[in-house]
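Have a look at the structure below before the remarks.
The values are calculated or read from the model by the stated rules, or taken from the named source; none is laboratory data. Keep in mind that this is a model prediction, so the values were computed, not measured. Cβ placement follows ideal geometry from the backbone for every residue including glycine, while neighbour counts extend to all protein chains displayed.
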Amino acid sequence: MANGTATTANAAPLIKPKVSGEDWIMRAVLMGIALYLLISIVLPLYAILSKSFKNADGVFVGLANYVNFFSTPALFWSIQNSLTVTLICCVIVVTLAFIYAYALTRTCMPLKGLFKGVALLPILMPSLLPAISLVYLFGNQGIIKEWLFGYEIYGPIGIVMGECFYVFPHVLTIMLIAMANSDARLYEASDALGASKIKTFFTVTLPSVRYGVVSAFFVCFTLVITDFGVPKVVGGKYNVLATDIYKQVVGRQDFEMGAVVSMVLLLPALFAFAADRLVQRKQVALLSARAVPYQPKKNAGVDYGMLAFCGVIGFILVSILAMAAYASFATFWPYNLSLSLKHYAFEMMDGGGWDAYYNSIEMAAWTAVIGTAMVFTGAYLVEKSKGFHTGRAAMQLLCMVPMAVPGLVLGLAYVFFFNAPDNPLGFLYHTMPILVICTVTHFYTVSHLTAVTALKQLDAEFESVSQSLKVPFYKTFFRITVPVCMPAILDISMYLFVNAMTTVSAVVFLYSPDTALASVAILNMDDAGDVAPAAAMGMMIVGTAAAVRLVHAGLTRGILGRTQAWRKR
C-alpha cells in the first residue's frame, strides 16, 4: 500500500491539468492576434528579404545585388553619412535631454510644468515640418541664414538640426523616467562624507541613471537613422540610407536595390534594438522598500541657471514651430509677408487636397480604436492567461519585432508582400485598411509594452479568485482589468492616434490617390515646390493632434473619475 501510494504521489505531477473551454477560447484569441502579427510583420519581412536576392525578372541571383550596392560609391557612402549624422545627433540630444531632465527632476526650478509641455511639442509634428521650418529660417531666402556663417542648411548641418528637434522629446521622456526615482539616503551619505557636488554627481547621480542614458542613446540612434522626413527636405545631395530607399523605389523604380538598401538599414536598427534590450535586462531595482524619496533643495544659482538653460531650449523649440506657422500664413515669401489663408486652399495644390487631411483623421481614428483593442487584449492574454507557455513566449517575441523595423522598410515590405500576384490578400493594397494595418503594426511594440507594464501592476489573485468563483474570464476582463488599467488604455489610444497623424515613412509607398494622407501630402507639396502649403498642411496636423489631446484630456477626466475612484481614500 505504502509503495503504491508513493508511486501514485510521484506520478501525480506528470498528469497535465485539463484545459478548460475558457482556456481554449483565450488561446484561440491569442493565436488570432499572433496570426495577425505573422501576416503583418514576419511574412512581409521575408518578402523583402527574398526580393533582395532576385533580379528584376524574379530570378534568384544570390548576393549579386548586395555586391552591386557595396561596389557603387554613391550608395555605399550613404552608410557612412547615415552613421555620421546619427552619432552626432545622439551625442547632442542625449546631452541636452539629460540636462533638461535633470532641471525638471533634481532642482527647484520654477515653471517646470510649462517647460515639460514645451519640450513635448515636437511629438505633435511630422518630421517633415521642422525641416521645412529650418528652410525658412536658414535656407537661401531664410530670415537668419547668415547665422550659419556661410554654410548651407541643405546637407549634414540641416539633417542634424532637424533630427535633434524631432527626437528630443522621445529622448527626454526616457530621461525623465530614469530620473523620476532616486534614494535620498545616497545623497545624504555623500554629504556626510564631505563629497563635493561634482563628485556626488559622478558617483551617485550618473550611476543611478546609466541604464536610462544608454537606453535613450539607442532609441535616439534608431529614430535618427531610420527617419525619412528630415533628410528628404534638407538633405540636399547628402544621401542617407532612408532617402536612398525612396529614390531607388520612387525615382528609379529599382525595387530590388530598394530591398537591398532596406535590409542594410535594418541591420543598425536591429543592432540598436538588441543592445537596448540587453542593457534593460541588466538593470536592477534602484529603490528598495526602505528608500527615501529624493527631494531637491533650493539653490538659487543652480535653479536659475537651469531655468536659463531650459528657457533657451524651449525658445528654440517654440521658434521652429512658430516659424512653420508664420510661413503657412505669409502670402508670398519673402516678398509679401502679409498674412492670408491662400496656402490653406489645398484643393489647388498637388498633394491630395483636403481629402488627404480627412483621410488622415479617419486612418488615425481607426488605428486608435482597433489598435488599442488588439494591443491590450493581446497583452492581457500574454500576461494573465495560464499555461500555453510556448505560445505566449512566441507571442511576446512577435510583439517585439515591429520596434526593430524602420517604417520605410515595413512599408516597402508591404508592397512586395501584398502586391504579389498570388497573394489572396492583395485586395487590401492601396486601401484604407492596409494603411491602418501598417500603422498599427509599426507602433505595436511601444503600445504593447505600455499595456504589459500596467497589467504587471495587477495582482494575479484577481484571476485566481475569479476562477475559483467560476466567473468567466471575460467578465473579469471587462469589470476589473479594463477599468483598473483605463489610464494605460487611454494613453495607448492617444499614442496611436498622434503617431498615425504624423507618420509618413511607413505609408509613403502604400497610399493611392483616394487614400492619400496629410503627412504624405506634405511630402508631395514639398516635391512640387509648394513649400508654404506643405507647412500649412503640417500645421493642420499639429492643430488636430493638439486639439484631440485637449479633448482627450477633458473626456478622460470624467472616465478616470469613475474608474479610478478606488485609488482615493
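Here are a few things to note about the model shown:
To keep it simple, each residue is scored yes or no on (1) modelled with pLDDT under 90; (2) closer than 30 Å to Ile48 by Cα.
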| residue | (1), (2) |
| --- | --- |
| Asp254 | yes, yes |
| Val292 | yes, no |
| Phe329 | no, no |
| Lys342 | no, no |
| Ala356 | no, yes |
| Asn359 | no, yes |
| Ala364 | no, yes |
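- Every test in (1) more than 30 Å from Arg210 (Cα to Cα); (2) modelled with pLDDT of 90 or more; (3) among the basic types (Lys, Arg) is passed by Lys145 save one, and that test is (2).
- Test for Leu35: is it assigned to a helix (DSSP H, G or I) and under 26 Å from Phe228 (Cβ atoms): no
- Long-range neighbours under 7 Å by Cβ, at least six apart or interchain, first residue in contact (Cβ under 8 Å) with a residue 12 or more places away in the chain within the stretch 412-435, second among the polar types (S, T, N, Q): Leu412/Ser262; Phe417/Asn423; Tyr429/Asn419; His430/Ser512; His430/Thr515; Thr431/Thr515; Met432/Thr515; Leu435/Thr515
- Taken over the stretch 399-432, residues that are farther than 19 Å from Met263 by Cα and in a helix (DSSP H, G or I) amount to 7.
- Applying the set (1) in a helix (DSSP H, G or I); (2) farther than 21 Å from Ser319 by Cα to Pro130 leaves exactly one unmet item: (2).
- Close pairs from the stretch 204-218: first under 19 Å from Tyr166 (Cα atoms), partner crowded, with 19+ Cβ neighbours inside 10 Å and at pLDDT below 75, Cβ under 7 Å, at least 6 apart: Ser215/Asp276; Phe218/Asp276
- Leading residue by the ranking (nearest to Leu523 (Cα to Cα)) among those in the stretch 224-252 that are among the hydrophobic types (A, V, I, L, M, F, W, C) and not in a helix (DSSP H, G or I): Phe228
- Among the residues of the stretch 370-414, those that are modelled with pLDDT under 90, within 23 Å of Trp24 (Cα to Cα) and among the β-branched types (Val, Ile, Thr) comprise Val382, Thr390.
- Residue under evaluation Ile99, criteria (1) buried (at least 17 other Cβ atoms within 10 Å of the Cβ); (2) within 19 Å of Gly212 (Cβ to Cβ), criterion not met: (1)
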